[in-house]
Amino acid sequence: MDKNIVIKAENISKQYRLGQVGTGTISHDLNRFWHKIRGKEDPYLKIGETNDRSTKGDSDYVWSLRDINFEIEQGDAVGIIGRNGAGKSTLLKLLSRVTKPTTGNIYTKGRIASLLEVGTGFHPEMTGRENIFLNGAILGMTRKEITRKFDEIVDFSGVERYIDTPVKRYSSGMYVRLAFAVAAHLESEILIVDEVLAVGDAEFQKKCLGKMGDVSKGEGRTVLFVSHNIDAVSKLCNNGIYLKNGKLAYQGLIGDTINQYLSENLSGSYLDINRKVNDKLFIQNIYIKSVTDSTERILVTGDKWKITLNIKVNEPIYNYVFAIGISTVTDTPINTTWSEPQSLEKGLYTICFINDEVFYQKGTYKVTLGISIFYNGTFNTIFYEQDILNFNIELIS
């Protein structure tokens, strides 16, 4: 393994049997053993189905992960993203050696500190102080080394008053505060953090992200971070891994990884909404395209482009205002455009927002739709939907 590579995954897969703990029934275990002593392949490796939580399968065996290959260099901050059930947490458990892969091999260089879920690595009957020393000992640190870090850990966690209380009496937020402080400050070469930080309050989440940034950029340690907070992932990480139905769908720079993920999981550049706003108004569809080109979904710099909203008015409406918001994939607002107050009779109408030449950077962008009634100098919002569409900007070649 290259000296700069600290994690290497070679064709790793993880199979589970639905509704069972461990490998399943005794008969299945005996069948596995019989095949193994005869030098034959595990018979159940051939029958597993793809990890797609949205469909009902015919097999009890599911591949949570299948044929995953990647390498991570020292000092990288890697964001692992994907939909719920894509295999992200399973991957972290394999890398942390909480469980072992069904097939394949994982090579790591250096000590690993992981925070996978509330309570992982803590003994509930022991105090916070005792658990700090226990975790340090598990990582191979001496008592002297742990003592040197102890005050810094307690100060960061903010649970000094309860440090000599058994952790079973901690709230989930306190648990996570101390667990993260321990994982981030004890001297490991690799830090693995799952979505568990979402349990903490906003202030502590920001503090944790700052610390992970320091660990990666300042201390040269490697960070793996799973989160559904795309903004946090984009700010913290330089590289990304996108998992889809248990398979590696994309790996690369974090911006490209996020764009790939969102382009496959947002609604696209055309959407039949068929949404009733109220008894008077019905939205049929919304789409985005270049004014000069009929090709949907992709715009290029220099294009004049438009967002079109088709509506059906069942009864006359008065002073309705339609608004469109554009934001980046990390929810940074770019532009908002709204119509003049519209008074319309019964019928079919098209509301069109025409924009000047594209000046945004290359990437994926999101559209938000809002509808309000303007009355007595105020706007009363009656419809609001974020991320209703997405579109891509490409540079002129």
Just in region 314-377: which trypsin sites (Lys or Arg not before Pro) are loop by DSSP and have at most 14 other Cβ atoms within 10 Å? LYS346, LYS362
Radius ratio Rg over Rh of region 106-163, counting only Cα atoms, Kirkwood formula for Rh: 0.98
Cα-based Rg of region 109-237 normalised by 2.2 N^0.38 Å, two decimals: 0.98
Between LYS217 and PHE379, what is the spin-label point distance in nm, taking each point 7 Å from the Cα along the Cα→C-beta axis? 3.5 nm
With r as the distance between the Cβ atoms of ASN4 and GLU125 and R0 = 45 Å, compute the FRET efficiency 1/(1 + (r/R0)^6) and round to 0.05. 0.60
If DNA, RNA and ligands are ignored and the probe is 1.4 Å, what is the ranking of ARG83, ARG129, ARG177 by accessible area, most exposed first? ARG83, ARG129, ARG177
FRET efficiency (GLU152, ASP201; Cβ distance; R0 35 Å; to 0.05) is 0.95
q = 0.11, 0.19 Å⁻¹: log10 I(q)/I(0) that the Debye formula gives for region 186-259, counting C-alpha atoms only: -0.28, -0.83
22 Å Cα-Cα threshold exceeded, pairs from LYS217/LYS362; LYS100/LYS247; LYS217/LYS247; LYS289/LYS362; LYS3/LYS244; LYS100/LYS149: LYS217/LYS362; LYS217/LYS247; LYS3/LYS244; LYS100/LYS149
Please state, rounded to one decimal and in Å, the Kirkwood hydrodynamic radius that region 70-126 gives when every pair of distinct Cα atoms enters the mean of 1/r. 13.4 Å
Quick one: order THR142, THR108 from most to least accessible surface, probe 1.4 Å. THR142, THR108
Expected unfolding gain across CYS352-LYS144 under the 0.36 nm per residue rule, minus the alpha-carbon gap, is 68.0 nm
Mean Cβ neighbour count within 10 Å, used as a protection proxy, ranking 211-217, 310-316, 85-91 highest first: 85-91, 211-217, 310-316
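The values are calculated or read from the model by the stated rules, or taken from the named source; none is laboratory data. Nothing here was measured: the structure is a model prediction, and the numbers come from that model. Because the Cβ atoms are built from the backbone with ideal geometry, glycine has one as well, and the counts that use them run over all protein chains shown. Accessible surface areas use protein heavy atoms only, side chains included; no ligands, DNA or RNA. Shrake-Rupley method; radii C 1.70, N 1.55, O 1.52, S 1.80 Å.
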